[in-house]
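One structure is given below, encoded as structure tokens.
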Amino acid sequence: MKYAILDLGTNTFHLLIAEISVGNSWKKLLHTRITVKIGKGGINNKVIAKLAYARGIKALGKFRESIN
């Protein structure tokens with residue numbers, strides 16, 4: 001069975017796709033990361049700036065393509 005794992009950090013989003021076999025052994029099929037800098041432009045004020053939000057959404061769209 002294949003699994004996709006997302007790590008959505010402040011600066012970088014990561015995608016790991018792995019296949020888990022019988023006996024819980026696993027094999028990495030894909031690991032990719034995209035720099036998004038979500039914190040740029042307002043994170044200190046507890047705000048995600050519009051451009052940062054757009055970068056995050058764009059990255060998630062690219063991950064979706066990889067998962068499909």
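The values are calculated or read from the model by the stated rules, or taken from the named source; none is laboratory data. From a predicted model like this one, the values you see are computed outputs, not experimental measurements. Cβ atoms come from the backbone with ideal geometry, glycine included; neighbour counts cover every protein chain shown. Calculation scope for accessible area: heavy atoms of the full protein, side chains included, ligands and nucleic acids excluded. Shrake-Rupley method; radii C 1.70, N 1.55, O 1.52, S 1.80 Å.
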Requested in this report: Using only the Cα atoms, work out Rg/Rh for the chain, with Rh taken as the Kirkwood radius, to two decimals.
Outcome: 1.12
Query - Selected from V47, V36, V22 as most flexible by GNM, with the chain as the system and alpha-carbon contacts under 10 Å - result: V22
Query raised in the report: Which of K27/K62; K27/K58; K2/K40 have a Cα-Cα distance over 32 Å?
Result: K2/K40
Report summary line: Residue-normalised value, i.e. accessible area per residue, for the chain at 1.4 Å probe, in Å², stands at 79
Query - Gaussian network model of the chain, Cα within-10 Å springs - most flexible of G42, G56, G23 - result: G23
Query raised in the report: Karplus couplings for the range 7-16 from phi (6.51 cos²θ - 1.76 cosθ + 1.60, θ = phi - 60°), rounded to Hz, Gly and Pro as x?
Result: 10, 9, x, 5, 9, 9, 9, 10, 10, 10
Requested in this report: Please list I38, I57 in order of solvent-accessible area, largest first, computed with a 1.4 Å probe with all protein chains present.
Outcome: I57, I38
**Report entry** Cut-off 12 Å between beta-carbons: net charge of the residues surrounding A18, Lys and Arg +1, Asp and Glu -1
**Finding:** +2
Query raised in the report: What's the angle, to the nearest 10 degrees (0 to 90), between helix 50-67's Cα axis and the longest principal axis of the chain?
Result: 10
Query raised in the report: Can you pull the percent of the chain's accessible area that's carbon plus sulfur, 1.4 Å probe, other chains left in place?
Result: 54
